[in-house]
Structures are given as structure tokens and as C-alpha cells.
Amino acid sequence: MEEFYQLQKTLYLVTLGMSVVIFISVWFFYSLNTGLNYAIGACAGMVYLKMLARDVQRLGVQKKRLGSGRLAPFIGLIVLATQLQKLQILPIFLGFMTYKAAILVYVLQTTIVPAQK
């Protein structure tokens with residue numbers, strides 16, 4: 001379990017770091033509104049990642065299937081974005097996907113530079 005907690009912490013930190021860098025870049029190159037839309041999506045991605053980690057943690061203990069309500073915050077956010085004119089769907093979606101980019105960074109890092117034991 002120690003390895004799982006280390007992976008979880010690493011993914012949170014990489015996702016947070018990437019989100020901050022991308023938010024500042026989007027704010028600089030586009031606008032504050034677009035940057036904030038990205039940040040909203042990135043926060044939803046962090047919540048999703050947390051819910052996913054909680055389900056994976058419970059996987060060995062419980063026999064029932066994994067929860068299917070993890071995507072509910074993201075779906076609700078996209079539905080809200082379609083209804084409000086201040087929110088933009090694409091930056092929110094890309095912000096949500098930041099956690100996947102963090103997973104790719106982690107996989108590439110562990111593949112190219114394997115940990116020494």
C-alpha cells in the first residue's frame with residue numbers, strides 16, 4: 001500500500017503543477033476568463049482523480065464493483081457550461097483531462113528513468 005500512496009501523492013502533485021503552469025499560460029495567451037474555465041476543469045479532474053483513488057483503495061477490501069458515479073461532477077459541469085454563457089466547454093474539458101497528462105508524464109518518467117532499488 002505504501003507504493004500506492006506514493007503513486008497517489010505523485011499524481012496529485014504532478015497534476016497540480018501542470019494545472020498551475022497551464023492556467024498561467026492560458027491566462028497569458030488567451031484571457032483570464034478562459035484561464036478560469038481551464039482551472040474549473042482542472043479542479044474537476046482533481047476531484048475525479050481523488051474519487052478514482054478512493055475506489056481503487058477500496059477494491060481489495062470490498063467485493064462489490066467500483067462506483068460508477070465518479071463522472072457525475074464532470075458531466076454536471078459540462079451541462080452547466082452548456083447553459084451558462086460565461087463558461088466555455090473546451091477549456092473545461094481540457095482542464096479535466098490534465099490528470100491524464102499527469103499520468104502520461106508519470107508513465108514516461110518511470111519508463112525512461114526506472115527507479116533504482
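All of (1) in contact (Cβ under 8 Å) with a residue 60 or more places away in the chain; (2) buried (at least 16 other Cβ atoms within 10 Å of the Cβ); (3) closer than 21 Å to Thr110 by Cβ hold for Ala53 with one exception: (1).
Screening Val47, Val26, Val21 for residues that are exposed (fewer than 13 other Cβ atoms within 10 Å of the Cβ) and either under 18 Å from Leu108 (Cβ atoms) or in contact (Cβ under 8 Å) with a residue 24 or more places away in the chain (or both) leaves exactly one candidate, Val21.
For region 59-70, the criterion of being at pLDDT below 90 and surrounded by 16 or more Cβ atoms within 10 Å (Cβ to Cβ) is met by at least one residue. Answer yes or no as to whether Val107 is closer than 15 Å to Thr10 by Cβ and over 18 Å from the mean Cα position of the chain (by Cα). In short, no. The residues of region 9-48 that are small (Gly, Ala, Ser) and in a helix (DSSP H, G or I), listed by number, are Gly17, Ser19, Ser25, Gly35, Ala39, Gly41, Ala42, Ala44, Gly45.
The values are calculated or read from the model by the stated rules, or taken from the named source; none is laboratory data. Here the structure is a predicted model, which means the values were calculated and not measured. Counting neighbours? That spans all protein chains shown, and the Cβs are built from the backbone with ideal geometry, glycine included.
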